[in-house]
Every structure is written in C-alpha cells, then in structure tokens.
Amino acid sequence: MTISETLEYELKKYLAGALPAHAATDIHAALALAEILKSRGFAFYLKDLCPGSRDQTRWQAVFSKQGDEFTADHPDAPAAVCTAAIGALSSLETTDSLS
C-alpha cells in the first residue's frame, strides 16, 4: 500500500463518503478536506517550509481547535494535510468517547 492509499484508508474511517476523492494526492481535494474540518470547528493553515527553494519542498499542515494542534510535515502538501487531518479527526473520536 502506498502512503496515499494508507492515508485515504485512514481518512475513510472518519469521513466515509464525505472524503474528497484523491485527497492524499490532489491539493484541491486536500483543501476540500480542510474545509470539511473547518466546518467541524477546526482552524487550518498550510505553510511552505522551503520558500524560494528550487529543489526542495516541505509543507506543514496544521489543524487546531480549543488549544490543541495537530501538525504534519511532508514533501507533498496533500499528504501533509491528510496526515494532520487524521490526527485532528482521531481527537474528535476520543473526545466523543469520553463524553
């Protein structure tokens, strides 16, 4: 299984049919995923960690809610967004189970 397949498999556990197609490989789909989390109360930002570099890419995606941050860095922006989203969504599941 590739990293993108693994990320999308994990995300489907939390979002099922709401998961945008190809979220782990397409930046537009990853940003649509971020919008879903924003609708659930998360703040989101995506930062280029290698601005101006012609040969290196590294992206940091951050979801935050009520003082908790879920951060992921990856050379591919969609993978960073999906990885951070999994952390954020798993926190919702934990919170729900504690209620």
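The values are calculated or read from the model by the stated rules, or taken from the named source; none is laboratory data. Not measured: the values here are computed from a predicted model. Using ideal geometry, Cβ is built from the backbone for each residue, glycine included, and neighbour counts are taken over all protein chains shown.
For the range 67-93, the set of residues classified as in contact with a Lys or Arg (Cβ under 7 Å, 6 or more places away or on another chain) and assigned to a loop (DSSP other than H, G, I, E, B) consists of P75 only. In the range 32-61, the residues that are β-branched (V, I, T) form Cβ pairs under 7 Å with partners that are not in a strand (DSSP E or B), at six or more places apart or across chains, as follows: I36/L15; I36/A18; T57/C50; T57/P75. Quick check on the range 20-38. Is at least one of its residues modelled with pLDDT under 95, touching a Cys at 6+ places or on another chain (Cβ under 6 Å) and either more than 20 Å from Y9 (Cβ to Cβ) or not basic (K, R) (or both)? Scanning the range 20-38, I find no residue that is modelled with pLDDT under 95, touching a Cys at 6+ places or on another chain (Cβ under 6 Å) and either more than 20 Å from Y9 (Cβ to Cβ) or not basic (K, R) (or both), so the answer is no. One residue stands out among those in the range 1-35 that are of a type in the set (S, T, Y) and part of a helix (DSSP H, G or I): the one that is farthest from A79 (Cα to Cα), which is Y14. When the range 36-56 is filtered for residues that are loosely packed, with under 12 Cβ neighbours inside 10 Å and part of a helix (DSSP H, G or I), only S39 remains.
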